[in-house]
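Below is one structure, written out as structure tokens; comments come after it.
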Amino acid sequence: MIINRNISQIRAEVLLNYLYPEMNGKWMVQGKGTFYRNYNQDVLAVYEKENKVLLTRDGFLRLLPEGLLTRDDDLRGEDFSEKFKELEWRRELLSESFAPFDTYVFRKKLEIERQVSELLDQKLSYLLKEYFNFDIEAEQSELVKEAAVLLPFVSRWRGNLGLVGNILGALMHCEVETIKGRYSPIDTTRLWLPQVTYKLLIPGLTSATYLELRKSLEPLTAFLKEWLIPFDVRCVIEIKQHMIPQNPDGSMTLDYNTELNQ
């Protein structure tokens, strides 16, 4: 799937609602015409102090027949430059006269865009609460909130152990080593369960940061086990120091956060 991330394609209503939410209902609009659209984005310029925005759109004036505003012989005869300046002055004057109509329509579109955005934000919360019995608004863990947006796709992704490792790496902003193996509480090869171990490789890890990360990982670990890890697979998530520095004498302290490289 190709995703177009060209910011020039963003509509003015979306951009202004995002950048200036406090300015709703205050913008004055001037449409410069769709001719500019081939060369510029929807928003040509924004003047915050004047509450004015220039758009590459046709205003109400462009909808009127050309013969209503000009005559065929306006540019005929001598003094062409003077007549052209007069036409330009007349066009600017008419454009300012119709500006209130364009501004009214644009403000209505801004309000509609804001309401649609709010509905889309509520849509996710509604789906998670009604179909998955998960209240994202009441969730305290920010990591779980970020992972919860994947719940609508859980039926396709459950059991994808590699994907879980990618999710952990994206949420924790670190490298993740995924190790698949077997687990047996009685140390036998006759009775065992599949096991997956995720090692979060974090550079510069200290005891304080380890305890902090361990605490923040607890709700995320429970969430991943419940929704994405099969019930018969034992899941272990470990925090490891990445690139362990050795002591001057070459010795190393083997502890909870030791990563051995062969």
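The values are calculated or read from the model by the stated rules, or taken from the named source; none is laboratory data. For clarity, every value in this text was computed on a predicted model and none was experimentally measured. When we count neighbours, we look across all protein chains shown, and the Cβ atoms used for this are built from the backbone with ideal geometry, even at glycine. In case anyone asks, the SASA skips ligands and DNA or RNA and just uses the protein heavy atoms, side chains included. Shrake-Rupley method; radii C 1.70, N 1.55, O 1.52, S 1.80 Å.
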Name the pairs: first residue in region 40-53 and surrounded by 16 or more Cβ atoms within 10 Å (Cβ to Cβ), second residue of a type in the set (D, E, K, R) and at pLDDT 80 or above, Cβ to Cβ under 8 Å, at least 6 apart or on different chains? Asp42/Arg57; Val46/Lys52
Leu64 fails exactly one of (1) modelled with pLDDT under 80; (2) among the aliphatic types (A, V, I, L, M); (3) in contact with a strand residue (DSSP E or B) (Cβ under 9 Å, 6 or more places away or on another chain), namely (3)
Can you list residue pairs whose Cβ atoms sit under 8 Å apart, with the first residue in region 184-209 being in contact (Cβ under 8 Å) with a residue 12 or more places away in the chain and the second being open to solvent by 50 Å² or more (accessible area, probe 1.4 Å) and aromatic (Phe, Trp, Tyr)? Count only pairs 6 or more apart in sequence or on different chains. Leu193/Tyr183; Pro194/Tyr183; Gln195/Tyr183
Scope region 184-198; condition surrounded by 15 or more Cβ atoms within 10 Å (Cβ to Cβ) and among the hydroxyl-bearing types (Ser, Thr, Tyr); matching residues: Thr197, Tyr198
Please name all residue pairs, on different chains or six or more residues apart, with Cβ atoms under 7 Å, provided the first residue is in region 104-117 and is in contact (Cβ under 8 Å) with a residue 24 or more places away in the chain and the second residue is exposed (fewer than 14 other Cβ atoms within 10 Å of the Cβ) and polar (S, T, N, Q). none
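Just give me the residues in region 155-173 being in a helix (DSSP H, G or I), over 15 Å from Leu220 (Cβ atoms) and touching a residue at least 40 places away in the same chain (Cβ under 8 Å), in sequence order.
As a first pass, look at region 155-173 and keep what is in a helix (DSSP H, G or I): 155-157, 161-172.
Going one step further and asking which of them are over 15 Å from Leu220 (Cβ atoms), we end up with 155-157, 161-162.
Across region 155-173, the qualifying residues are Trp157, Leu161.
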Condition first: of a type in the set (A, V, I, L, M, F, W, C) and open to solvent by less than 30 Å² (accessible area, probe 1.4 Å). Now tell me which residues in region 162-171 satisfy that. Val164, Ile167, Leu168, Leu171
Go through region 1-46 and count every residue that is in a loop (DSSP other than H, G, I, E, B), more than 21 Å from Val116 (Cα to Cα) and modelled with pLDDT of 75 or more. 1
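In region 193-226, which residues are part of a loop (DSSP other than H, G, I, E, B) and of a type in the set (Gly, Ala, Ser)? Steps first, please.
In the first step, residues of region 193-226 are kept if they are part of a loop (DSSP other than H, G, I, E, B); the result is 203-206.
Of everything in region 193-226, just one residue is part of a loop (DSSP other than H, G, I, E, B) and of a type in the set (Gly, Ala, Ser), namely Gly204.
Across region 110-152, what is the number of residues that are open to solvent by less than 80 Å² (accessible area, probe 1.4 Å) and either more than 27 Å from Val14 (Cβ to Cβ) or in a helix (DSSP H, G or I) (or both)?
Going through region 110-152, the residues open to solvent by less than 80 Å² (accessible area, probe 1.4 Å) turn out to be 110-111, 113-114, 116-117, 124-125, 127-128, 132, 134-136, 138-139, 141, 143-145, 147-152.
Next cut, either more than 27 Å from Val14 (Cβ to Cβ) or in a helix (DSSP H, G or I) (or both) only: 110-111, 113-114, 116-117, 124-125, 127-128, 132, 134-135, 138-139, 141, 143-145, 147-148, 151-152.
Number of matching residues: 23.
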Name the pairs: first residue in region 18-34 and within 9 Å of Leu54 (Cα to Cα), second residue among the aromatic types (Phe, Trp, Tyr), Cβ to Cβ under 8 Å, at least 6 apart or on different chains? Val29/Phe106
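Given the criterion within 22 Å of Leu161 (Cβ to Cβ) and of a type in the set (A, V, I, L, M, F, W, C), identify the matching residue among Ala208, Ala222.
Working: Ala208 fails: within 22 Å of Leu161 (Cβ to Cβ).
Being within 22 Å of Leu161 (Cβ to Cβ) and of a type in the set (A, V, I, L, M, F, W, C) holds for just one of Ala208, Ala222, which is Ala222.
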